[in-house]
Amino acid sequence: MTQTTMACTSSHVDPEIFFPGDPEQLAAARAICATCPHTRQCLADALATGTSDGVWGGVLLERGAVVAVKRPTGRPRKSAQAAA
Ligand code: SF4
């Protein structure tokens with residue numbers, strides 16, 4: 001990968017969003033990755049090196065597993081538990 005074409009290395013991008021703490025940060029990171037020409041290689045490198053967390057190639061990894069959504073921290077609301 002050439003760093004100059006990696007959207008996440010822009011000085012205008014907060015690197016913290018690639019380790020999202022909430023769904024909004026995850027969406028922002030995915031939006032940036034969507035503009036990047038290196039998504040496949042980025043995710044492949046992350047998986048090959050055993051990277052456990054963060055957004056790589058637009059995919060969220062948590063504890064080494066691909067997860068679809070970022071759950072907010074803390075306990076789920078009772079209304080959310082009842083709906084599940
Ligand atoms: S796909 Fe990888 S290299 Fe490209 S913007 Fe996302 S995290 Fe950065």
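Points worth noting:
- Residue within region 7-15 that is outside any loop (DSSP other than H, G, I, E, B), more than 13 Å from the ligand (Cβ to nearest atom) and either modelled with pLDDT under 95 or surrounded by fewer than 15 Cβ atoms within 10 Å (Cβ to Cβ) (or both) present: no
- Hits in region 28-57 (condition: without any contact (Cβ under 8 Å) to a residue 12 or more places away in the chain, surrounded by fewer than 13 Cβ atoms within 10 Å (Cβ to Cβ) and either touching a helix residue (DSSP H, G or I) at 6+ places or on another chain (Cβ under 9 Å) or assigned to a helix (DSSP H, G or I) (or both)): Ala31, Ala48
- Once region 58-67 is narrowed to residues that are more than 15 Å from the ligand (Cβ to nearest atom) and in a loop (DSSP other than H, G, I, E, B), the residue that is farthest from Met6 (Cα to Cα) is Arg63.
- Residue under evaluation Ala68, criteria (1) within 12 Å of the chain's Cα centre (by Cα); (2) modelled with pLDDT of 90 or more, criterion not met: (2)
- Residue match in region 68-80 (condition: out of contact with any Lys or Arg (no Cβ under 8 Å at 6 or more places or on another chain), among the basic types (Lys, Arg) and part of a helix (DSSP H, G or I)): yes
The values are calculated or read from the model by the stated rules, or taken from the named source; none is laboratory data. Small disclaimer: the values here were computed from a predicted structure and weren't measured. Neighbour counts run over all protein chains shown; Cβ positions are idealised from the backbone, glycine included.
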